[in-house]
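Derivation of every value follows stated rules applied to the coordinates shown; laboratory data play no part. What you see is a predicted model; the values in this text were computed from it and never measured. Backbone-built Cβ (ideal geometry, glycine too); neighbour counts: all protein chains shown.
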Amino acid sequence: MEFGIVLFYSTNAALRLEKSLRSQGLKCKLIPTPRQMSTDCGTALRFQWIDAETVNASIETTSIEVAQVARI
Amino acid sequence: MKPVIYLDNAATSWPKPPAVLEAIADFYRGIGANPGRSGHRRSVEAGRVVNDAREAVAELIGLGDPLRLAFCSNATEALNTAIHGLLRPGDRVATSSMEHNSMMRPLRALEQQGVIELVVIPESSHGVMDLDAAEKALGSGARLMAVNHASNVTGRILPIAKLSRMAHRAGALLLVDGAQSVGSLPVDMESMGIDLLAFTGHKGLLGPTGTGGLAVGPGVDNREFRPLKRGGTGSRSEREEQPDFLPDKLESGTLNVGGLAGLLAGVQWLSERGLDSIRRHEESLIQRLIRGLEGVDRVTIHGAGSLDAQAGTVSISFGNLSPSEAGLMLDEEFGVLSRVGLHCAPSAHKSIGSFPHGTVRLAVGPFTTEAEIDRTLEAVAALAQRA
């Protein structure tokens, strides 16, 4: 399965996005940020890449600040 | 021994809903990890508790972006964060004479250090703010208006929306001490025009002590804040400087997560019951108490307002009987727990003419009953005969 990852500046933002995605029934998981990606915030959100469009739309509508959305 | 009638809810609410106590125990039993730091499942669950509490409080107080709410240990810390964090040399601040020392002392300290000019808006002897004097105190170019929402001494509610319009016209921000109102009275930052709201978790919100926060409205530039504390936030860990965004900028060090689990349960309890119905309950009890007190000879009621301007608190005194004596008798003989003295608000007592002896303060809560009010009135009547 292919995954995507959302990186944040703050864990508070990660928790907010996770809640929003889960309320839409999306499968996602908060994980420790992979060291090679960023050291900004210790928590990242992993999701299934097929949901990338929904994830991006949620980031847009909730105005939650993210550092990066990437495929892993 | 007589059953206790707890009328000290303005100091801290009691009892707490059972769900609050269970939530605290459940957190330490089942989660117990540090939020936002470690990334493992328990750490994430702890983070969810904090986030849920943040969202729940933000919704209750009408703050659009929950991330603009920074938790801290109580309203005192929140007020200090706002006052020391935002005020700069030469700023003029208008405050009321009815403030608690958690507002007055940090303001007076900055005044004495020559940092700010402080204008105290006078009140009538009934504890009613003089709105013309408020306008004058703001003048043009005041930086901040800093006032309580409801007095911890008299229970009098200030017309916050009106004061906000006045403050904004003068170009000032409005800081509100919501210690006596959040969770007990309707508070909506957006419609009331509150820029900064300090609250505590252990009074109207029915959570444990050691919880509280500062809500920062969209009109305040968070880059202007100097945090009271700097330290670990779980974010921007590669940098040795404090992050500039909210809430991290104002939330250094591990939060009281167990306490916030309890606070969340308290807010959920309030939402299920409906804040309106709790307010109606407390309003009817305090009116019953005030009407009863009005009929007792040698008892003076200090600064009580009309129905819509009165929180669930009232201050009284007994002719020749000092508040401290009266409070002790109420406790020992009648099981009525009040708070006597100056209530950390010397300026307020000077305003209503009860300085330096203070008053006996009675404050109802969501669990207070009519029968308890009636028994309190009997106790007051018995004491008044000795005054």
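Table: residues versus (1) of a type in the set (Gly, Ala, Ser); (2) within 30 Å of A:Ile64 (Cβ to Cβ).
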residue	(1), (2)
B:Ser235	yes, yes
B:Phe245	no, yes
B:Thr254	no, yes
B:Leu263	no, yes
B:Glu283	no, no
B:Ser324	yes, no
B:Arg339	no, no
I need the full set of residues from segment B:207-227 which are in a loop (DSSP other than H, G, I, E, B) and either touching a Leu at 6+ places or on another chain (Cβ under 6 Å) or buried (at least 16 other Cβ atoms within 10 Å of the Cβ) (or both), in order please. B:Gly207, B:Pro208, B:Gly210, B:Thr211, B:Gly217, B:Val220, B:Phe225, B:Pro227
Taking segment A:13-72 and the residues there that are closer than 16 Å to B:Gly39 by Cβ and without any contact (Cβ under 8 Å) to a residue 12 or more places away in the chain, the one that is nearest to the other protein chains (Cβ to nearest Cβ) would be A:Thr39
Only residues that are exposed (fewer than 15 other Cβ atoms within 10 Å of the Cβ) and of a type in the set (Gly, Ala, Ser): list them for segment A:1-26, please. A:Ser23, A:Gly25
If you go through segment B:165-183 one residue at a time, do you hit one that is without any contact (Cβ under 8 Å) to a residue 40 or more places away in the chain, closer than 27 Å to B:Thr254 by Cα and of a type in the set (Val, Ile, Thr)? yes
Can you tell which of B:Ser324, B:Ser317 is more than 24 Å from B:His149 (Cβ to Cβ) and outside any helix (DSSP H, G or I)? B:Ser317
Right, B:Glu117: buried (at least 16 other Cβ atoms within 10 Å of the Cβ) and either away from every other protein chain (no Cβ under 12 Å) or not hydroxyl-bearing (Ser, Thr, Tyr) (or both) or not? no
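Just for segment B:231-289: of the residues that are basic (Lys, Arg) and within 14 Å of another protein chain (Cβ to nearest Cβ), which one is nearest to A:Ala14 (Cα to Cα)?
Per the stated criteria, the residue is B:Arg236.
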Look through B:Leu270, B:Leu285, B:Leu260, B:Leu289 and report the one residue that is assigned to a helix (DSSP H, G or I), touching a residue at least 60 places away in the same chain (Cβ under 8 Å) and closer than 16 Å to B:Gly47 by Cβ. B:Leu260
Looking across segment B:37-51 at residues that are touching a Leu at 6+ places or on another chain (Cβ under 8 Å) and within 8 Å of chain A (Cβ to nearest Cβ), the single one that is surrounded by the most Cβ atoms within 10 Å (Cβ to Cβ) is B:Gly47
Which one of the conditions (1) part of a strand (DSSP E or B); (2) under 24 Å from B:Ala11 (Cα atoms) does B:Ala94 fail to meet, given that it meets all the rest? (2)
Every residue from segment B:102-122 that is of a type in the set (Val, Ile, Thr) and within 20 Å of B:Lys350 (Cα to Cα): B:Val119, B:Val120, B:Ile121
Can you report the number of residues in segment B:100-117 which are in contact (Cβ under 8 Å) with a residue 60 or more places away in the chain and assigned to a helix (DSSP H, G or I)? 4
